[in-house]
Amino acid sequence: MQERNHMRHLRALIAVVEEGSVAHAAGRLLRTPSAVASSIRQLEASFEAALFERQSSGMAPTPFGDAAYRRALRIDAELRQACAELAPYRVSPGAPLFSMLVGERQLTALVRLREMGHMPSVAAVMGLTQPAVSALLRQAEASLALRLFRRTAKGMAVTEAGELLLFRVRRVLAELRHLEADIAQQRGEITGRVMFAALPSMRTRVLPQAIAALVERHPNVQISMVDGPFEILFAGVHSGEIDFILTGLNANYSHRDFVIRVIGSDRLVVVVRAGHPLCGRKRIEITDLVRYPWILRDRGAPTRELLNGLFHDLGLAAPHVAVQAGDLGLLRGLLSHSDMISAVSPEYLSYEIASGAVKILEVELPPTGRDIGFILRRDAQPSLLCETLMQDIEAATREKKA
């Protein structure tokens, strides 16, 4: 894995923008003018753009320089906040990390070690040797005068202080991920990478249509969709690793440091396989539904919470969830090979419903309508690519309703 030093160079960029010259920036950073100038040149070479106009009166940032400066300030703010949060642990405030004097490889290694808890696995993923990963950890802990991980029988476990630090580090890496997209935006280009999570019901038609349209217009983009329990997804949005969640909305979400953008509405229907015992019933009561095992998303998922609330309001126990999953292939297979029941948006199984393989039960349920929309971190600064993808998804949602 090739080492990148954008962090170090962005520190120089901030100083040059704010001081107005390389010489004054060098004095502020206690570096030689040639070293500061070299940092600026390396950033310009990496971005293939002039970040400053060299004038007799000093250095003035170009639009490219302004874009990089704004993102660099966000990185600096995260690291300052990390230093403040770790003050009770007597962390060294002069540590290189807090001054943006580390490489992205070290930060990535620490985050991967938190995720995997296994140093050989981190080495394999990053294309490094295990001693190299171990050295990166030792360097970080020594410079901070802080223990970030402890060895256990099950692998490497992050310490309480390490968890605080790595939350901020994950945000820093997210800001760095958007940096090149910010520079490309100044050229009128849309590039970069978007990480998002989405409702299963949107994956059948809306998302394929929106993503295909985006990639056709901008072939150099990278779109990554992640899945997992909702609490993990919310944590990913909060840390910046996930740009947005496209989901059914709950009023509580607005109280969790998130901003909500409503783009449409949806409803739930109860579905079974063709030939299910309940299909032949002239009248189906809600109490009939709880006699069968169910397939639903994980706890905390909007569908699951909505159904639990409906049954609670009716004075009934929530149905037994035999299988907790949201994968379309698994849901389709379980419905066709068993008498299990599920509740989904009709859009999710639109092809199966149209073919007659899956039936919607005519059962009197309280209203299951809900808003659909995006959840983003309240203080996030999405890239143009992210905003464009969300616009395409909203357009595809409107077309579906038309």
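Derivation of every value follows stated rules applied to the coordinates shown; laboratory data play no part. It should be emphasised that the depicted structure is a prediction, and the values quoted were computed from it without experimental measurement. Cβ coordinates were reconstructed from backbone atoms using ideal geometry, including for glycine residues, and neighbour counts include every protein chain displayed.
Figures for the structure shown
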{"quantity": "Prolate/oblate/rounded call for the stretch 201-356, Cα gyration tensor, a/c under 1.5 rounded", "calculated": "oblate"}
{"quantity": "Cα gyration tensor shape of the chain, rounded if a/c is under 1.5, else prolate or oblate by comparing a/b with b/c", "calculated": "prolate"}
{"quantity": "Built amide H within the under 5 Å cut-off of ILE341, gap 5+", "calculated": "TRP294, ILE295"}
{"quantity": "In order through the stretch 280-292: 3J(HN,Hα) via Karplus (6.51 cos²θ - 1.76 cosθ + 1.60), integer Hz, x for Gly, Pro", "calculated": "x, 7, 6, 9, 10, 9, 4, 5, 5, 5, 6, 7, 10"}
{"quantity": "Helical contribution to [θ] at 222 nm, DSSP H n ≥ 4, -39,500 (n - 2.57), averaged over the chain, rounded to 500", "calculated": "-15500 deg cm²/dmol"}
{"quantity": "Burial order of peptide ranges 230-237, 108-115 (average beta-carbon count within 10 Å, highest first)", "calculated": "108-115, 230-237"}
{"quantity": "Tilt relative to the chain, helix 230-239 - C-alpha long axis, 0 to 90 degrees, to 10", "calculated": "20"}
{"quantity": "Vicinal HN-Hα couplings computed from phi for the stretch 131-142 (Karplus, 6.51 cos²θ - 1.76 cosθ + 1.60; Hz; Gly/Pro x)", "calculated": "x, 5, 5, 4, 5, 4, 5, 4, 4, 5, 5, 5"}
{"quantity": "Cα gyration tensor shape for the stretch 143-184, rounded if a/c is under 1.5, else prolate or oblate", "calculated": "prolate"}
{"quantity": "Note, ³J(HN,Hα) from phi for the stretch 325-335, Karplus 6.51, -1.76, 1.60, rounded to Hz, x at Gly and Pro", "calculated": "6, x, 5, 5, x, 5, 4, 4, x, 5, 5"}
